[in-house]
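Below is one structure, written out as structure tokens, with a few remarks after it.
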Amino acid sequence: MTILVLEDDRMFNETLCEFLEEEGYKTVGVYDARTAMDRCYHRRFDLYLLDINLPMGNGLNFLRSLRESGDETPAIFLTSRDDRASLIEGLKIGADDYLRKPVDLEELALRIRANVRRHQGPQRYEIDGYLIDAGRYRVFRGEEEIELGRKPFELLLLFLKHSGETVETERIASALWPTAQEASYGAIRVYVTQLKKLFGKRIENIRGVGYRFCQDEQVL
């Protein structure tokens, strides 16, 4: 797991990153919202740890932009004790949790584990003889590992999360290319073709709308 730590107090930011790395996480520490958005453009994170008051923007607007782009990555705000209005606004725009400063690091670790677990859902599926390890982004058939790129795997997880539902092409684009990244609809068709080689009979094209994945998998 990689956590984006957005906190402008450099010493506190370093303290958070050091503690989280001791807990087994990878971290990327940034000090302003503009840099944070740039980091999100180039990679995906498993959790956001956000301060509210920042130079060059604030944590609230940062998270609002992510949520509007379709990014559902769990986010925890760090708030001062007297900033109730910002806390309420943060929860309304899509924050998953909050901690008041000064932060108890052991409580932070517990909150992170709880939020990630809630968002992840089932970690392994078995479909048509394929074992899908959602936690490690790997697919196996027996002892053989099936090569599947990150974005096709993310599309597969999106289908599994919304099994039986029509997933619109725009929704797929937002999920695979978060924030300001330019989506490629041609690439989506390529990824669907890759998945059809494994689960062809389960993936239905909904003409002009998107796709539907029909699933009766065993969750392990």
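The values are calculated or read from the model by the stated rules, or taken from the named source; none is laboratory data. Note that the structure is predicted; figures quoted are calculated from it, not measured. Positions of Cβ are generated from backbone atoms using ideal geometry, with glycine treated the same way; all protein chains shown enter the neighbour counts. The area values use the complete protein model at the heavy-atom level, side chains included, leaving out ligands, DNA and RNA. Shrake-Rupley method; radii C 1.70, N 1.55, O 1.52, S 1.80 Å.
Assorted remarks:
- A single entry from L99, L66 fulfils the requirement of being at negative phi, touching a residue at least 60 places away in the same chain (Cβ under 8 Å), open to solvent by less than 50 Å² (accessible area, probe 1.4 Å) and of a type in the set (A, V, I, L, M): L66.
- Looking across segment 132-163, the residues that are open to solvent by 50 Å² or more (accessible area, probe 1.4 Å), out of contact with any helix residue (DSSP H, G or I) (no Cβ under 6 Å at 6 or more places or on another chain) and not basic (K, R) come down to G142, E143, E144, E145, E147.
- Taking each residue of segment 1-19 that is in contact (Cβ under 8 Å) with a residue 40 or more places away in the chain and looking for partners that are open to solvent by 60 Å² or more (accessible area, probe 1.4 Å) and part of a helix (DSSP H, G or I) with beta-carbon atoms closer than 8 Å, six or more apart or interchain, yields L4/R39.
- If you go through segment 166-202 and keep only what is open to solvent by 50 Å² or more (accessible area, probe 1.4 Å) and either assigned to a helix (DSSP H, G or I) or closer than 26 Å to F140 by Cβ (or both), you end up with E170, R171, Y185, R189, V190, T193, Q194, K196, K197, K201.
- Residue that is surrounded by the most Cβ atoms within 10 Å (Cβ to Cβ) [pool: residues in segment 78-96 that are under 22 Å from the mean Cα position of the chain (by Cα) and part of a helix (DSSP H, G or I)]: G90
- A33 meets the conditions (1) touching an Asp or Glu at 6+ places or on another chain (Cβ under 7 Å); (2) crowded, with 17+ Cβ neighbours inside 10 Å in every case but one. The failed one is (1).
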